[in-house]
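Shown next, in structure tokens, is the structure this report addresses.
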Amino acid sequence: MENLFYSTKEQIAFYITGYVDTTNVNAMIKVLEDEKKTFIEACNAKGVEETTVQSYEIRKSSRYKSMRVFYALNVPESPKDASQLGESWTMDAWISN
């Protein structure tokens with residue numbers, strides 16, 4: 001899955017979704033709910049549940065500025081289709097690079 005990553009060092013799975021291109025609150029909520037569901041399904045029960053998913057808008061990044069990231073902490077193993085970051089990379093370092 002594109003833009004799904006796993007930080008082995010931190011045991012964090014994260015998914016960079018792109019922009020939320022709407023000012024309509026109801027449409028924005030639907031997009032965020034759909035993207036959260038996509039992330040949970042991609043993690044395929046690797047300890048990621050709806051209540052453990054967090055998200056924020058990326059403020060500082062040369063690649064991902066103003067995009068949204070969904071992530072889950074304490075994920076014991078990489079989701080099947082995730083790109084695994086090298087041992088020296090953290091989620092924050094990857095996003096802000």
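Laboratory data are not the source of any read-out in this text; all were calculated from the coordinates shown. What you are looking at is a predicted structure, and each value in this text was computed from that prediction instead of being measured. A quick note on method: Cβ atoms are made from the backbone with ideal geometry, for glycine too, and the neighbour counts reach across all protein chains shown.
Taking Rh as the Kirkwood radius, which is the inverse of the mean 1/r over Cα pairs, what is the Rg/Rh value for the chain?
0.96
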Packing-wise, with mean Cβ within 10 Å as the measure, how do 24-37, 68-81, 42-55 rank, highest first? 68-81, 42-55, 24-37
Under the 7 Å Cα-to-Cβ spin-label approximation, Asp21 and Ser62 lie apart by a distance in nanometres of 2.5 nm
What nm distance separates the two modelled labels at Leu73 and Ile29, each placed 7 Å from Cα along Cα→Cβ? 2.7 nm
Helix 25-43: angle to the longest alpha-carbon principal axis of the chain, degrees 0 to 90, nearest 10? 20 degrees
Proximal aspartates and glutamates relative to Lys60, as straight alpha-carbon distance under 19 Å, when same-chain residues fewer than 8 apart are discounted: Asp21, Asp92
